[in-house]
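What follows is one structure encoded as structure tokens, with my remarks underneath.
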Amino acid sequence: MAARHRSRLLPQVPTFEEAGVKGFVVDTWYGLLAPAGINDAAYRLLEKEAKSFASRHEVRERLEAAGLEPNAVCGDNFAQQIATEIANNTQVAQRLNLKAD
């Protein structure tokens, strides 16, 4: 499992880290992004609606049926997650000398 923690859907399956592959983490996520400079009221409304959507029973059931574990991450935490993934993927691409065409 390429997640940071064992899945509660498959608790018997170890993570790559537990299996000896250090630092290999690949998360699947869906995000709602807004333009830079969005006003606070609009931002708070989008965040509220996103969290409400992610907490709906039928949404959680569908995501779990697809093997995903819903987790609403918003604001600075989501921005940090994206920044970390960009940095990690950039490092891998540079190490492998990958080029975009």
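The values are calculated or read from the model by the stated rules, or taken from the named source; none is laboratory data. Because the structure is a prediction, the values reported are computed rather than measured. We place every Cβ from the backbone using ideal geometry, glycine too, and count neighbours over all the protein chains shown. The protein model used for the area step is the full one, side chains on, heavy atoms only, and it has no ligands, DNA or RNA in it. Shrake-Rupley method; radii C 1.70, N 1.55, O 1.52, S 1.80 Å.
Which condition number does Ala34 fail, the rest of (1) farther than 18 Å from Val73 by Cα; (2) under 19 Å from the mean Cα position of the chain (by Cα) being met?
In the conditions (1) farther than 18 Å from Val73 by Cα; (2) under 19 Å from the mean Cα position of the chain (by Cα), Ala34 misses (1) alone.
I need a count of the residues in segment 10-32 that are open to solvent by less than 90 Å² (accessible area, probe 1.4 Å) and of a type in the set (Asp, Glu).
The number of residues fulfilling the criteria is 2.
Conditions (1) exposed (fewer than 10 other Cβ atoms within 10 Å of the Cβ); (2) touching a residue at least 60 places away in the same chain (Cβ under 8 Å); (3) not charged (D, E, K, R), marked per residue:
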| site | (1), (2), (3) |
| --- | --- |
| Ala36 | yes, no, yes |
| Val59 | no, no, yes |
| Ala66 | yes, no, yes |
| Asn71 | yes, no, yes |
| Phe78 | no, no, yes |
| Arg95 | yes, no, no |
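For Phe53, indicate whether it is open to solvent by 60 Å² or more (accessible area, probe 1.4 Å) and touching a Phe, Trp or Tyr at 6+ places or on another chain (Cβ under 6 Å). Break it down stepwise before answering.
Details: open to solvent by 60 Å² or more (accessible area, probe 1.4 Å): yes; touching a Phe, Trp or Tyr at 6+ places or on another chain (Cβ under 6 Å): no.
So Phe53 fails the test.
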